[in-house]
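K.L.:
Pasting a structure below so you can have a look.
The values are calculated or read from the model by the stated rules, or taken from the named source; none is laboratory data. Remember, it's a predicted structure, so these values are computed and weren't measured experimentally. Here the Cβ positions follow ideal geometry from the backbone for every residue, glycine too, while neighbour counts run over all protein chains shown. Surface accessibility is based on the protein's heavy atoms, side chains included, excluding ligands, DNA and RNA. Shrake-Rupley method; radii C 1.70, N 1.55, O 1.52, S 1.80 Å.
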Amino acid sequence: MIPDLQDLRKEIDAIDNQMTSLFEKRMEIAEQVARFKIENEKPVFDHTRELEKLKSVSQKTHSNFNRCGIQELYQQIMSISRKRQYQLLQEHGISQKSLFTPVDNLEKENVTVVFQGVEGAYSHAAMCRFFGNSIQSYHVDTWKDAMEEIKHGRARYAVLPIENSTAGIVQDNYDLLTAYDHVIVGEQIIPCQHVLAGIPGSTLSDIQHVYSHPQALMQCREFLDSNENWCTHDFSNTAAAAKKVALEKDKTQAAIASPYAAEYFGLSVLKEGIFSNPENSTRFIIVTKDKIYQKAAHKISVSYELPHESGSLYNSLSHFIYNGLNMTKIESRPIANRNWEYRFFVDFEGNLSDSAVKNALCGLSFEVQNLRIHGNY
């Protein structure tokens with residue numbers, strides 16, 4: 001006869017009570033192990049020991065399903081134990097020394113700032129919005145050039161696009177963050193409110209050729225398709241397209257660019273609101289070689305590599321979960337010269353002075369490869 005459902009649930013409840021009690025007992029012993037390791041300067045993470053434990057418990061099960069289940073359960077139990085041990089390390093003052101220096105405010109006056117593109121570009125607008133007008137600024141041709149300028153001290157800060165709400169991440173700049181030992185100290189979001197700009201005196205009926213960056217052309221595709229007689233031409237960036245139209249003074253030419261570029265190059269706005277997505281915005285980061293962060297900073301960007309092992313990504317992310325940190329973004333990029341291996345970029349809320357952040361970074365430093373803190377801003 002099949003037992004009554006309520007009786008079965010009572011039996012499960014009794015087992016759960018035992019498991020809860022045993023779990024707390026195990027955590028007490030894990031803390032004793034941590035104190036022993038602290039006193040004897042032994043590492044928290046013993047990978048060989050954990051593999052042996054997983055093999056041992058899996059051999060005590062009686063089906064393939066239970067074997068996978070018990071391994072998953074013990075992976076989590078051991079991961080939780082490690083996190084508590086990392087907390088104890090922090091409480092005993094045993095942690096990696098931070099390379100970052102807190103500051104009250106960023107210097108935004110009488111500093112030199114570099115950006116990619118030309119004046120009037122969205123990156124130029126982001127720079128002006130973030131720093132104001134009391135700076136020296138200049139532009140370079142590529143994002144890598146901007147990173148080189150701050151590396152060699154010719155500029156204090158660089159402004160780089162990192163993400164567009166429609167087109168996604170700027171992959172090259174994620175790779176540059178890995179290649180250079182620079183730090184993100186701020187961000188600025190600029191709405192991409194493209195306009196159609198022509199020379200003064202021109203009208204929509206005059207236009208035959210439209211120039212812009214391929215992404216801007218894509219973001220205004222519905223408007224362009226409604227004017228099927230126009231020819232579109234790819235250009236290096238939106239501001240450079242506006243500059244071309246301004247210099248050539250041809251009524252048949254127009255540029256899709258920002259209102260800032262139209263104003264800067266003396267063009268007339270022939271049509272506003274030509275973009276398909278009114279929420280389209282680009283997020284720019286402010287980068288410097290100085291390892292600093294503002295005391296009021298609230299977002300942290302890190303990256304790291306992981307071994308090709310089941311659960312490695314989950315285990316790394318669990319350091320944020322168990323320390324109550326809100327992860328806001330995760331991306332992956334291929335690792336150069338290592339086919340099918342990836343570096344993960346994670347943004348989460350917090351400040352480098354927070355104990356929860358220190359706990360999470362401590363745990364990550366033991367369990368991932370090539371951990372980098374890209375900035376607190």
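K.L.:
Show me the ranking of peptides 328-335, 270-277 by mean Cβ neighbours inside 10 Å, starting with the highest. Working shown, then result.
P.N.:
Working: 328-335: 13.9, 270-277: 15.6.
The most tightly packed comes first, giving 270-277, 328-335.
K.L.:
Taking only DSSP H segments of four or more residues, each worth -39500 (n - 2.57), what value at 222 nm results for the chain once the sum is divided by all its residues, to the nearest 500 deg cm²/dmol? Kindly include the intermediate steps, with their values, before the conclusion.
P.N.:
On the way: 12 runs with 156 residues, N = 377.
Rounded to the nearest 500, the figure is -13000 deg cm²/dmol.
K.L.:
Another question, then. Here are some values of Cα extents along the principal axes in Å: (1) 87, 58, 38; (2) 85, 46, 45; (3) 65, 43, 42. Which one was computed from this structure?
P.N.:
The listed entry that was calculated here is (1).
K.L.:
So, one more: Got a number for the accessible area of Thr203? Probe 1.4 Å, square angstrom, nearest 10.
P.N.:
Near enough 60 Å² of accessible area.
K.L.:
Which listed residue (Ser318, Asn351, Gly363) has the Cα farthest towards the positive end of the charge dipole for the stretch 243-366, taking +1 on Lys and Arg C-beta and -1 on Asp and Glu C-beta about the Cα centre?
P.N.:
Sorting the options by dipole projection puts first Asn351.
K.L.:
How large is the charge dipole for the chain, taken about the Cα centre, if only the Cβ atoms of Lys, Arg (+1) and Asp, Glu (-1) carry charge, to the nearest 20 debye? The partial results should precede the final answer.
P.N.:
Working: 39 positive and 47 negative charges, 176 e Å.
In debye, rounded to 20, the chain gives about 840.
K.L.:
First select every other residue whose beta carbon is under 13 angstrom from the beta carbon of Gln369; then total the charges, Lys and Arg +1, Asp and Glu -1.
P.N.:
Net charge around Gln369: -1.
K.L.:
Select from Leu73, Gln59, Met27 the residue farthest towards the positive end of the dipole of the stretch 20-86; place +1 on Cβ of Lys and Arg, -1 on Cβ of Asp and Glu, and compute about the Cα centre.
P.N.:
Gln59
K.L.:
I'd like the distance separating the alpha-carbon centroids of the stretch 86-133 and the stretch 287-341, in whole Å.
P.N.:
Using only Cα atoms, the two centres lie 18 Å from each other.
K.L.:
While we're looking at this one, here's another question. Could you pull out the pairs from Lys97/Lys151; Lys151/Lys251; Lys151/Lys249; Lys83/Lys144; Lys53/Lys291 whose alpha carbons sit more than 32 Å apart here?
P.N.:
Over 32 Å Cα-Cα: Lys151/Lys251; Lys151/Lys249; Lys83/Lys144; Lys53/Lys291.
K.L.:
According to the Cα gyration tensor, what semi-axes, each the square root of 5 times an eigenvalue, does the equivalent ellipsoid of the stretch 253-377 have, listed from largest to smallest in whole Å?
P.N.:
38, 19, 14
K.L.:
Another question about this same structure. Suppose every K and R has +1 on its Cβ and every D and E has -1 on its Cβ; what is the size of the dipole of the stretch 262-373 about the Cα centre, in Debye to the nearest 20?
P.N.:
Around 280 debye, computed over the stretch 262-373.
K.L.:
Among the aspartates and glutamates, select those whose C-alpha is under 13 Å from the C-alpha of Lys37, and discard any that sit fewer than 8 residues away in the same chain.
P.N.:
Asp46
K.L.:
Among Met327, Met27, what's the order by accessible area (1.4 angstrom probe), most exposed first?
P.N.:
Working: Met327 70, Met27 30 Å².
My answer, sorted largest first, is Met327, Met27.
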